[in-house]
Amino acid sequence: MMWLDRLLAVAAKEVRQLSRDRITMGLIVGIPTIQLLLFGYAINFDVRGVSAAVLDQSQTSLSRRLVGDLGATQLLGKIRQARTDRELRELMQRGEANIAIVIAPDLERRIADGNRAALQILVDGSQPALENVAAGLAAMPLLRRAGAQPSPRVVEIQVAYNPEKRTAVQIVPALCGVILTMTMVIFTASAIVRERERGNLELLIATPVSSAELMAGKLLPYVAIGLIQTTLIITLGYFLFGVPVEGRLLDLYLGALLFIAASLSLGLLISTIAKTQFQAMQMSIVTMLPSILMSGFMFPFEGMPKAAQWIAQVLPLTHFNEIIRGIVLRGAALSDMRPEVAKLGTFLAVMLVVSTLRFRKRLD
Amino acid sequence: MSVAITARDLARRFGAKWAVAGIDLDVPRAQIYGFLGPNGSGKSTTIRMLCGLLVPTRGTVTVLGHSVPRESEVLRRKLGYMTQRFSLWDDLTVLENLEFMCRVYGLDRTARRERIADRVRRYDLEAISKQRAGTLSGGQRQRLALGAATLHEPELLLLDEPTSAVDPQSRRDFWENLFALVARGTTILVSTHYMDEAERCHRLAILDSGRVAAEGEPKQLARDIDAAVIEISDADFESVRRALARVPQVRSIAQLGNHLRVLLPRAVGDPVGLLRSALAAENAGAKVERVGASLEDVFVAMTRLRGEVAPERAA
């Protein structure tokens with residue numbers, strides 16, 4: 001088992017070097033933690049406490065009760081009363097109110113009528129997320145109490161997967177893939193290029209160690225690091241944001257392992273092309289940005305143009321997002337997602353073949 | 001005489017430039033064979049082709065009976081290579097570097113312990129064994145690199161300018177270590193641009209622009225030099241230089257302290273007389289005498305260096 005000993009020797013050396021690189025060690029834990037806190041707390045797609053203004057042209061007991069109900073929801077924060085239509089628009093213009101509600105003078109007759117809008121909701125269109133708030137308001141039971149028929153379609157969408165509409169539930173699993181992409185690709189690409197840059201590789205390839213032993217030995221520690229990061233994200237997600245894993249943990253780790261391998265193989269390919277660590281870093285970013293933007297992490301996959309969807313199909317993160325969402329949120333099993341697993345597997349195989357062909361034990 | 005390396009018409013091109021333009025080599029076993037040449041003369045490229053790191057554009061190479069690059073994998077177990085730049089790991093200690101190289105060469109636990117203990121003793125690494133390689137001095141690094149390159153007891157050592165970043169005392173010690181290895185049967189091929197090191201080699205190839213300009217034992221090379229070496233002293237060098245500028249046969253002039261060393265083609269019948277009359281015409285009185293050639297003279301005569309561009313002379 002000489003090959004195994006050589007492989008383990010390379011892996012042990014890599015771990016030893018890593019353990020002496022304090023900044024990189026810090027990043028292994030720091031990147032997931034910081035990203036999770038940033039996305040989990042700061043970037044918040046659920047909107048609460050939106051400033052609002054009301055122009056009550058009806059001034060009846062029903063309209064006053066409506067305004068009171070609006071104030072009781074957490075969607076709206078402070079509600080200002082406007083006396084005229086012009087005052088209302090000025091409030092919006094100055095940004096003091098992002099949502100304005102106009103109650104028609106003949107509120108009760110319109111509600112009874114059922115054909116004309118009794119409430120008009122004005123939304124500050126420069127902030128797209130607010131449209132959701134408006135939709136939420138329209139679906140409020142307060143209108144039902146007043147006798148209106150809210151659109152049942154809107155209500156359904158709101159409660160489909162994430163009844164509390166908390167971003168963290170979507171963010172935690174998606175972030176798992178994004179963080180693994182960032183660290184795995186960059187770490188492997190630069191770990192190999194660094195040896196080339198410092199001249200270590202010239203010495204190594206003049207020894208009996210084979211390309212496969214060298215590559216596997218260098219990648220092995222990063223597989224472990226990837227699994228540690230996955231554990232960290234899922235644990236933090238559970239304790240900080242209360243996101244449970246609905247599916248089996250074994251499925252989660254198997255899926256993560258496949259994705260880690262796919263990301264490492266991409267890093268490996270980059271390392272066979274880049275001549276310096278700086279180049280490797282830039283190439284990693286080039287592959288990372290589309291992953292983050294097009295994999296369905298930022299924007300819904302369905303909303304993207306056809307061409308973009310095709311590109312997204314090539315990115316491993318797209319498929320991993322599907323897998324991990326399924327396992328964490330919907331309680332699916334890995335076997336339920338064979339197409340995604342197959343696509344990730346194909347990506348891995350292609351990358352490994354191309355990298356091995358490109359990496360020769362030569363300098364030219 | 002058994003042969004370690006044979007190369008015929010070995011050549012390598014990078015783009016349009018021929019780094020090595022067709023050289024023949026016969027390196028005998030258990031000797032130190034030197035490559036002497038200025039930067040860019042093809043020393044590193046040749047060494048890299050010999051150990052299979054670069055594929056020759058043309059020509060054949062046999063190293064220790066193996067055809068290169070086809071059989072480089074087998075050869076790698078018999079070969080030690082020291083790169084021009086220190087290429088062990090800066091963030092590992094001396095012992096960790098040695099341990100890793102042992103494992104890469106597939107040595108078992110017992111052999112590892114013995115070899116490492118031996119190299120640490122032989123190359124005086126005891127005091128620095130727990131120090132990280134990045135903190136070592138040039139001489140210490142060289143000793144560590146030599147220790148690491150010989151862990152698997154290779155039959156052939158390829159050393160690419162091993163002493164370029166090392167002080168004179170360490171260079172002397174380093175060469176003592178090389179002779180000790182040769183005494184035990186190792187063949188060593190070493191490239192250098194230091195004259196004193198070249199003089200210590202058993203045989204030598206002077207490389208220039210990717211070709212072998214001269215080959216042989218250093219002393220023989222100096223004897224066979226195709227040039228007359230004239231030393232001029234006790235003179236006003238400015239007028240001497242003016243006078244020599246009028247002599248078309250002069251191939252090079254180098255000042256060494258308070259004398260000038262002048263090379264002329266051997267074909268010139270009476271070089272001393274020729275120079276004396278040239279100096280007399282310029283009224284530059286001087287002592288002119290013919291001397292024996294040094295290796296540096298051979299180097300200057302054989303490489304295409306002209307005028308005062310003499311190769312650096314080591315202490």
(message) Just checking, does segment B:261-268 include any residue being assigned by TED's automatic domain parsing to the domain that holds B:Glu155 and among the basic types (Lys, Arg)?
(response) no
(request) For residues that are more than 9 Å from every other protein chain (Cβ to nearest Cβ) and among the aliphatic types (A, V, I, L, M), scanning just segment B:90-104, find the one that is nearest to B:Ile128 (Cα to Cα). (result) B:Val94
(request) Find the helices (runs of 4 or more DSSP H) located wholly in segment B:149-246 whose residues include 1 or more that are surrounded by 15 or more Cβ atoms within 10 Å (Cβ to Cβ) and at pLDDT 90 or above, and list them. (result) B:168-183, B:195-200, B:218-223
(request) Inspect segment A:210-226 for any residue being in the same structural domain as A:Leu334 (by TED's automatic domain parsing), within 25 Å of A:Asp336 (Cα to Cα) and more than 18 Å from the chain's Cα centre (by Cα) and give the result as yes or no. (result) yes
(request) State whether one or more residues within segment B:45-54 are surrounded by fewer than 17 Cβ atoms within 10 Å (Cβ to Cβ) and in contact (Cβ under 8 Å) with a residue 40 or more places away in the chain. (result) no
(request) Return the total of residues in segment B:49-69 being within 13 Å of chain A (Cβ to nearest Cβ) and at negative phi. (result) 11
(message) If I filter segment B:247-278 down to residues being part of a helix (DSSP H, G or I) and in contact with a Leu (Cβ under 8 Å, 6 or more places away or on another chain), which single residue comes out as surrounded by the most Cβ atoms within 10 Å (Cβ to Cβ)?
(response) B:Leu275
(message) Going through B:Glu176, B:Glu161 one at a time, which residue ends up being farther than 21 Å from B:Gln84 by Cβ and charged (D, E, K, R)?
(response) B:Glu176
(request) Being over 18 Å from A:Leu201 (Cβ atoms) and within 7 Å of another protein chain (Cβ to nearest Cβ) is the filter here, so list the residues in segment B:76-89 that pass it. (result) B:Arg77
(message) Take the conditions within 20 Å of B:Leu151 (Cβ to Cβ), surrounded by fewer than 19 Cβ atoms within 10 Å (Cβ to Cβ) and facing chain A (nearest Cβ under 10 Å) and apply them to B:Glu73. Does it pass?
(response) yes
(message) If A:Leu203 satisfies all but one of (1) within 14 Å of another protein chain (Cβ to nearest Cβ); (2) among the hydrophobic types (A, V, I, L, M, F, W, C); (3) touching a residue at least 24 places away in the same chain (Cβ under 8 Å), what's the number of the condition it fails?
(response) (3)
(request) Considering only segment A:1-72, give the helices (runs of 4 or more DSSP H) lying wholly within it that have at least 3 residues that are under 35 Å from the mean Cα position of the chain (by Cα) and within 14 Å of another protein chain (Cβ to nearest Cβ). (result) A:2-20, A:22-37
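The values are calculated or read from the model by the stated rules, or taken from the named source; none is laboratory data. These figures come from a predicted structure and were not determined experimentally. Note that each Cβ is placed from the backbone with ideal geometry, even for glycine, and that neighbours are counted across all protein chains shown.
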